[in-house]
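The values are calculated or read from the model by the stated rules, or taken from the named source; none is laboratory data. Note that the coordinates shown come from a computational prediction; the quantities given were computed from them, not determined experimentally. Virtual Cβ from ideal backbone geometry, glycine too; neighbours counted across all protein chains shown. Surface accessibility is based on the protein's heavy atoms, side chains included, excluding ligands, DNA and RNA. Shrake-Rupley method; radii C 1.70, N 1.55, O 1.52, S 1.80 Å.
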Amino acid sequence: MATRRKLVIDCDPGNDDAMSILMALSDVNIDVIAITCVAGNCDVTQASLNALRVLQVAKKLDIPVYTGCDAPLLGERKPGSPYHGVDGLGDVPDPGAPGIDRIQIEHGVQALLQLSKEHAGELQLVSIGPLTNVAMAIRLDSAFGSRLKSCHIMGGNYQGRGNITMAAEFNFYADPEAAFVVLGQLCCPMTVMPWETCLEHAISWETHTNTRSHDTEKARFIKSVDEWSVNYVKPKNAPNFVPADEACMACFLSDDVIKSSVHVYATVETKGHYTSGQMVVDWRKRDVNDPLYKKPNVTIVTGLHQSLYEQLMDRALSC
Ligand SMILES: [Ca+2]
């Protein structure tokens, strides 16, 4: 039997984080060895408690959850979108939720560093929240990225379309300096799932309903925490439902999901009055000897095989 792939999920649950965690847990070839949390959709303690709720639903509370950074590298934490409710998971009461005592004592960034040493060359990271923890890991140990096998990132944009502002996607907007550090200095193969690709691969409301109609605890959980988001977007006549973190996780789980991509140099605007957090892509194909040449550092996913993508989401809730 092939060795299972070792995965750490860095996240800010978040309904779409919750779904992404369940997608990873439904894959027998994936060993989720830890979840590290970061402030984003909610504060970092709430994010950690949310991750525990997801693990409890999946009966995987043996997976350690670590609390990471509660503020961006620079400045104060920016409020999340109302899309996820105040607590990040649609403000659904859960009296049986795991308590704060289930969160690991060690800091999430220290855990990232330690796990990268224990599993050097094997560890894969999926980052589906602001990149603060990952950037901090780089700052504490510049060799962090060299020990990773890969990093998949949900964040940024490549056509200038934003969701939290007119120009920026939420994860990069929430900590643009961290995104700048990670894209420039992580030094491992990086795959970026930009906002536009998420938009272009939205799912129909029928698919959304069907996926959440399985007779499983996971499906009932996701349906309940999604209710807030659905009620938030449907009155705005949303033509479909837009998963985000799920698209990133799907690409991690299977390269076959990726229909098209570009390998380019990309960085992040950190100071723009209108464009803070916008991803900046060098589309020029310059010769390597050109003084303006920038070595490609990321693979940006521009298209998905929709059927396989939807299958991976459906599998997560069907068992
Ligand atoms: Ca997220």
Q: Report the calculated FRET efficiency for ARG4 and LYS259 (r = Cβ-Cβ distance, R0 = 25 Å), to the nearest 0.05.
A: 0.45
(Q) Can you compute the charge dipole magnitude of segment 143-299 about its Cα centre, using +1 on each Lys and Arg Cβ and -1 on each Asp and Glu Cβ, nothing else charged? Give it in debye, rounded to the nearest 20. (A) 220
Q.
Only four residue types carry charge here, +1 at the Cβ of Lys and Arg and -1 at the Cβ of Asp and Glu. Report the dipole size of segment 23-120 about the Cα centre in Debye, rounded to the nearest 20.
A. 80
Q.
Can you work out the Karplus-derived ³J(HN,Hα) for every residue in segment 78-91? Use 6.51 cos²θ - 1.76 cosθ + 1.60 with θ = phi - 60°, whole Hz, and x for glycine or proline.
A. 8, x, x, 6, x, 4, 9, x, 5, 8, x, 10, x, 6
Q: Report the residue, chosen from SER116, SER20, SER307, that carries the largest GNM mean-square fluctuation when the chain is represented by alpha-carbon nodes joined by springs under 10 Å.
A: SER307
(Q) How high is the relative contact order of segment 5-318? Use alpha-carbon pairs under 8 Å, at least six apart in sequence, and give a whole percent. (A) 20
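Determine, from the Cβ-Cβ distance of LEU74 and SER307 and an R0 of 30 Å, the FRET efficiency 1/(1 + (r/R0)^6), rounded to the nearest 0.05.
E(calc), rounded to 0.05, equals 0.10.
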Q | Where only alpha carbons of the chain are counted, the Rg and the Dmax (Å) | A | 18.2, 62
Q: Once you have all Cα-Cα distances for segment 262-319, histogram them in 5 Å bins from zero and send the whole-percent values.
A: 4, 15, 15, 13, 13, 13, 11, 9, 5, 2, 1
Q.
Viscosity 1.002 mPa s, temperature 20 °C: give me the Stokes-Einstein translational D for segment 208-307 in µm²/s, with Rh taken as the Kirkwood radius over C-alpha pairs.
A. 124
Q) Roughly how many percent of the accessible protein surface of segment 1-143 is carbon and sulfur, given a 1.4 Å probe and a whole-percent answer? A) 53
Q | Mean accessible surface per residue for the chain, computed with a 1.4 Å probe while every protein chain stays in place, in Å² | A | 42
(Q) Give the lysines reachable from LYS236 as a straight Cα distance under 30 Å; neighbours fewer than 8 places away on the same chain don't count. (A) LYS78, LYS218, LYS223
Q: Tell me which residues come under 5 Å, amide H to amide H, from SER150 once H is placed; ignore anything under 5 positions away on its chain.
A: LEU125
**Q.** Cα centroid of segment 224-293 to Cα centroid of segment 1-77, whole Å
**A.** 20
Q. Most mobile of ASP27, ASP141, ASP101 per a Gaussian network model of the chain (Cα springs, under 10 Å)?
A. ASP101
